[in-house]
Structures are given as structure tokens and as C-alpha cells.
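Before any comments, here is the structure.
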Amino acid sequence: DTAVSQTPKYLVTQMGNDKSIKCEQNLGHDTMYWYKQDSKKFLKIMFSYNNKELIINETVPNRFSPKSPDKAHLNLHINSLELGDSAVYFCASRPGRLYEQFFGPGTRLTVL
Amino acid sequence: GQQVMQIPQYQHVQEGEDFTTYCNSSTTLSNIQWYKQRPGGHPVFLIQLVKSGEVKKQKRLTFQFGEAKKNSSLHITATQTTDVGTYFCAGDNAGNMLTFGGGTRLMVKP
């Protein structure tokens with residue numbers, strides 16, 4: 001069984017479109033995250049969601065909005081996609097503070 | 001805010017040579033974690049260091065946590081082609097989020 005899963009694996013879309021990426025974890029973890037990894041491999045934290053508490057990285061544009069229907073899911077919705085949004089987006093989860101993180105396989109987003 | 005710097009950014013080695021990557025935090029950490037990301041893959045947890053001056057080994061990999069809990073290193077002895085990937089350190093200050101270093105991309109020539 002996959003611990004942290006993401007869909008879709010690849011997403012190719014036009015500028016200006018709205019898209020969503022889904023993430024599910026079956027580990028029973030309390031905390032979930034979204035990361036953006038650019039072409040230089042920098043892993044930038046975007047959001048942290050812990051027991052309905054959302055922590056936002058201030059540098060993330062408000063076109064990005066996380067949605068958590070329950071503890072096992074954290075989806076990422078992106079409005080008005082821009083070229084600079086092209087990257088690999090990773091979902092991750094962990095049981096709580098001071099524990100390791102488990103990453104999903106990633107979603108490669110390409111904005112044309 | 002907390003910053004975690006990692007050097008070098010890239011390292012090419014001949015198979016059999018040793019490799020070291022260094023990580024420095026701008027603040028004292030509760031712990032530090034190391035992850036490995038294979039090309040085309042996702043980051044995978046390797047180890048966590050908690051105590052000041054801690055040293056841990058995993059086969060050919062040796063991890064150290066500095067006395068001041070602000071720096072760390074990963075040393076690989078006698079690299080193999082299977083070691084190829086990007087190695088990330090991540091600082092944990094007991095908040096909700098890890099702060100990742102920029103990563104060191106290791107390339108091994110057979």
C-alpha cells in the first residue's frame with residue numbers, strides 16, 4: 001500500500017487555467033504539507049496543515065489554496081496558473097513535531 | 001526566519017572516492033534530519049540526529065550533529081553508483097515545519 005499518494009503524476013496545462021492536485025495519506029498522521037521543488041531542486045515549504053490549523057508560507061501567492069476535507073487528505077488548488085508555477089509539487093505527512101516526513105511521489109506541473 | 005545552508009551544491013566523484021556534504025543552520029535546532037532524493041524520485045528519510053555531538057552510522061554513511069546543534073554533516077565512504085542523488089538536510093526547531101537546505105547533488109562516475 002502506498003503511504004502517501006498524489007494525483008495526477010503529471011499535469012500539463014495552459015496559462016490562466018485553474019487546476020487541483022490531490023494528496024492522500026493512509027498513515028494516520030496528524031500533519032500534512034505541500035512543497036514546491038523547482039528546477040534547481042530547492043524544496044520550498046508552501047503549507048502545513050495540522051489538525052485543522054493551517055500555516056501558510058508568506059511568500060506563497062494567494063492563487064494557491066490548500067483544502068483539507070479530512071485528516072487524511074490535503075489537496076492543493078491553484079488559480080490562474082502562471083509559467084513560474086511549473087515545478088514538481090510534493091505532498092508529505094508526519095505524525096507530529098520532531099518526526100520524519102513521508103513524501104508522496106510528486107506531481108510534475110508544466111504550464112505552457 | 002530560520003535558514004539552513006548546505007554546501008557544496010554539486011559534487012562529482014569517481015566511484016570509490018569519499019563524499020561529504022555540510023549543513024549549517026542560522027538558529028539552534030531541536031534535531032536535524034537527512035533525506036535522499038534519487039533522480040526522478042521523491043525525498044526519502046535517512047536519519048534523524050537529536051543530541052549535541054551525536055554521530056550515527058548507516059553502513060558507509062556517517063552522520064554528525066555539531067556540539068552547538070547548528071551544523072551537521074553527512075560523509076559517504078567509498079561511493080558507489082547507487083549513491084547518486086540529491087542529499088538534503090532539514091532543520092527542525094520543534095515547530096510544525098522543517099526547513100530544508102538547498103541540497104547537494106552527488107554524481108558518481110563509474
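Could we say that A:N51 is under 23 Å from B:W34 (Cβ atoms) and either among the aromatic types (F, W, Y) or at pLDDT below 90 (or both) here?
On the way: under 23 Å from B:W34 (Cβ atoms): no; either among the aromatic types (F, W, Y) or at pLDDT below 90 (or both): yes.
Here the answer is no, as A:N51 does not meet what is asked.
If you take the residues in region A:33-51 that are basic (K, R) and touching a strand residue (DSSP E or B) at 6+ places or on another chain (Cβ under 9 Å), which one is nearest to the other protein chains (Cβ to nearest Cβ)? Full working, then the answer.
Let us first name the residues in region A:33-51 that are basic (K, R), namely A:36, A:40-41, A:44.
From what is left, the residues that are touching a strand residue (DSSP E or B) at 6+ places or on another chain (Cβ under 9 Å) are A:36, A:41, A:44.
Working: A:K36: 11, A:K41: 5, A:K44: 8 Å.
So, considering only residues that are basic (K, R) and touching a strand residue (DSSP E or B) at 6+ places or on another chain (Cβ under 9 Å), the one nearest to the other protein chains (Cβ to nearest Cβ) is A:K41.
Output the number of residues of region A:4-25 satisfying the condition of being under 17 Å from A:L81 (Cα atoms) and part of a loop (DSSP other than H, G, I, E, B).
First pass over region A:4-25, keeping only residues under 17 Å from A:L81 (Cα atoms): A:8, A:10-22.
Of the ones still in play, those that are also part of a loop (DSSP other than H, G, I, E, B) are A:8, A:14-18.
Here the count works out to 6.
Go through region B:77-95 and give me each residue that's without any contact (Cβ under 8 Å) to a residue 12 or more places away in the chain and assigned to a loop (DSSP other than H, G, I, E, B). Talk me through it step by step, then tell me what you get.
Of region B:77-95, the ones without any contact (Cβ under 8 Å) to a residue 12 or more places away in the chain are B:82, B:95.
Matches in region B:77-95: B:G95 only.
Restricting attention to region A:55-76, which residues are exposed (fewer than 14 other Cβ atoms within 10 Å of the Cβ) and outside any loop (DSSP other than H, G, I, E, B)? Quick ask: steps written out before the conclusion?
Initial filter on region A:55-76 (exposed (fewer than 14 other Cβ atoms within 10 Å of the Cβ)): A:58-59, A:61-63, A:67, A:69-70.
The answer is A:K67, A:P69, A:D70.
Pick from A:D18, A:D85, A:D30: which is closer than 26 Å to B:C89 by Cα and away from chain B (no Cβ under 14 Å)?
Numbers: A:D18 fails: closer than 26 Å to B:C89 by Cα; A:D30 fails: away from chain B (no Cβ under 14 Å).
Just a single option satisfies the conditions, and that option is A:D85.
In region B:23-76, what residues are over 12 Å from B:A90 (Cα atoms) and of a type in the set (S, T, N, Q)?
Hits for region B:23-76 are B:S26, B:T27, B:T28, B:Q37, B:S52, B:Q58, B:T62, B:Q64.
Condition first: closer than 20 Å to A:D38 by Cβ and within 14 Å of chain A (Cβ to nearest Cβ). Can you find one or more residues in region B:44-62 that meet it?
We begin by selecting, within region B:44-62, every residue closer than 20 Å to A:D38 by Cβ; these are B:44.
From the residues that got through so far, the ones that are within 14 Å of chain A (Cβ to nearest Cβ) too are B:44.
Yes.
Taking region B:61-76, which residues are in a strand (DSSP E or B), more than 14 Å from B:F19 (Cα to Cα) and among the hydrophobic types (A, V, I, L, M, F, W, C)?
Within region B:61-76, just B:F65 meets the criteria.
Taking the conditions exactly as written (under 20 Å from A:K41 (Cα atoms) and more than 14 Å from chain A (Cβ to nearest Cβ)), does B:S26 satisfy them or not? Walk me through how you get there before you give the answer.
On the way: under 20 Å from A:K41 (Cα atoms): no; more than 14 Å from chain A (Cβ to nearest Cβ): yes.
No; evaluated as a whole, the condition is false for this residue.
Quick check on B:K36: is it surrounded by 15 or more Cβ atoms within 10 Å (Cβ to Cβ), over 27 Å from A:H29 (Cα atoms), among the charged types (D, E, K, R) and in contact with a strand residue (DSSP E or B) (Cβ under 6 Å, 6 or more places away or on another chain)? Give the steps one after another, and end with the answer.
On the way: surrounded by 15 or more Cβ atoms within 10 Å (Cβ to Cβ): yes; over 27 Å from A:H29 (Cα atoms): no; among the charged types (D, E, K, R): yes; in contact with a strand residue (DSSP E or B) (Cβ under 6 Å, 6 or more places away or on another chain): yes.
Spelling it out, it is not the case that B:K36 is surrounded by 15 or more Cβ atoms within 10 Å (Cβ to Cβ), over 27 Å from A:H29 (Cα atoms), among the charged types (D, E, K, R) and in contact with a strand residue (DSSP E or B) (Cβ under 6 Å, 6 or more places away or on another chain).
The values are calculated or read from the model by the stated rules, or taken from the named source; none is laboratory data. Bear in mind the structure is a predicted one, so any value in this text is a computation, not a measurement. Counting neighbours? That spans all protein chains shown, and the Cβs are built from the backbone with ideal geometry, glycine included.
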